[in-house]
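**Q** Dropping a structure here in structure tokens format, bear with me for questions.
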Amino acid sequence: MSSPKSDDFQDLLDVSMEELQLKTEAHKAWGLGTFDRWNIDQDVGDLVFSNADGAKAVAPAQIIGSFSTNDNSWLWAWDNPSISDDLKSHAWKLKEYGEKHGIEKLTTRKWTGTEGDAWAMVALAVRLCGAQGAYRGPAGPSYVFMTFGEVQISKPEDGT
């Protein structure tokens, strides 16, 4: 039987996922999910989408965590030394929320779950941190889950 606290957390995750789905649909207008390449520039904190023709979309980003398909594990960014500290503030905010509300999933550095669980964590980050959206970038056998802010679009010069 679930506790009232776990029911409340599940309700929050459900609302967060619904909100993220709506935001994702809106972001399709500028091409989210259609670019050839993605990159996270940890030096400046930007998520960069680009195409071979020079089209680009750039947004400030935060890394929330990574999901490994090798062992179905989630690793929080706040405990990943390969991620710049400047890109962990949203992840830290979720950890603090978990500590305040006694939510183990938000305070355990690594845990076994599904890709759906990973999406729920990034959706929660979007909601609690006021982000514009989220992206899952492939990185070998893992996926990096990120929140992003306002997107700046640039189109290639056509030379005419």
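**Q** Which residues in the stretch 49-91 place their backbone N less than 16 Å from a point set 7 Å from the Cα of W30 along the Cα-to-Cβ direction?
**A** 49-51, 55-62
**Q** Tell me, L13, L20 in order of fewest to most beta-carbon neighbours within 10 Å?
**A** Least crowded to most crowded, the residues run L13, L20.
**Q** In whole percent, what relative contact order does the stretch 4-154 give with Cα contacts below 8 Å and a gap of six or more residues? Before the final figure, lay out the partial values.
**A** Values: 264 pairs, mean separation 43.3, N = 151.
So the answer I get is 29 percent.
**Q** If Rh is defined by the Kirkwood formula over all Cα pairs and Rg also comes from Cα, what ratio Rg/Rh do you get for the stretch 4-154? Kindly include the intermediate steps, with their values, before the conclusion.
**A** Values: Rg = 15.0 Å, Rh = 15.6 Å.
Across the stretch 4-154, the Cα-based Rg/Rh ratio is 0.96.
**Q** With runs of 4+ DSSP H residues as the only contributors, calculate the mean residue ellipticity of the chain at 222 nm using -39,500 (n - 2.57) per run, divided by the residue total and rounded to the nearest 500.
**A** Numbers: 4 runs with 56 residues, N = 160.
Value at 222 nm, helices only, nearest 500: -11500 deg cm²/dmol.
**Q** Another question, then. Taking the number of other C-beta atoms within 10 Å as the exposure measure, put M121, M146, M17 in order starting with the fewest.
**A** On the way: M121 23, M146 26, M17 18.
By the 10 Å Cβ count, ascending: M17, M121, M146.
**Q** How high is the FRET efficiency between Q132 and D11 when r is their beta carbon distance and R₀ equals 35 Å, given to the nearest 0.05? Before the final figure, lay out the partial values.
**A** Numbers: r = 23 Å, r/R0 = 0.66.
Efficiency at R0 = 35 Å is approximately 0.90.
**Q** Going down the table (K28/K95; K28/K56; K56/K110; K23/K100), which pairs top 22 Å between alpha carbons?
**A** On the way: K28/K95 30 Å; K28/K56 14 Å; K56/K110 34 Å; K23/K100 27 Å.
Cα-Cα > 22 Å for K28/K95; K56/K110; K23/K100; rest within.
**Q** In the neighborhood of G45, defined by Cβ-to-Cβ distances under 12 Å, what is the net charge if each Lys or Arg adds +1 and each Asp or Glu adds -1?
**A** -4
**Q** Where in the chain are the DSSP H helices whose alpha-carbon span along the long axis reaches 30 Å or more and whose Kyte-Doolittle mean is at least -1.0?
**A** 4-27
**Q** Separation between the E18 and R37 pseudo-spin-labels, each 7 Å from Cα along Cα→Cβ, expressed in nm?
**A** Those two pseudo-labels are separated by 4.0 nm.
**Q** Taking a cut-off of 15 Å between Cα atoms, list the aspartates and glutamates near K93, but don't count ones fewer than 8 places away on the same chain.
**A** List returned: D79, D85, E104.
**Q** Let me ask you something else. Got a sec to turn the phi values of the stretch 135-145 into Karplus ³J(HN,Hα) couplings, 6.51 cos²θ - 1.76 cosθ + 1.60 with θ = phi - 60°, whole Hz, x for Gly and Pro?
**A** Those phi angles translate into 9, 10, x, x, 8, x, x, 10, 10, 9, 9 Hz.
No lab work stands behind these numbers, since they all come straight from the coordinates. Model, not experiment: these values are computed from the prediction. FYI the Cβ positions are ideal-geometry reconstructions off the backbone, even for glycines, and counts take in every protein chain you see.
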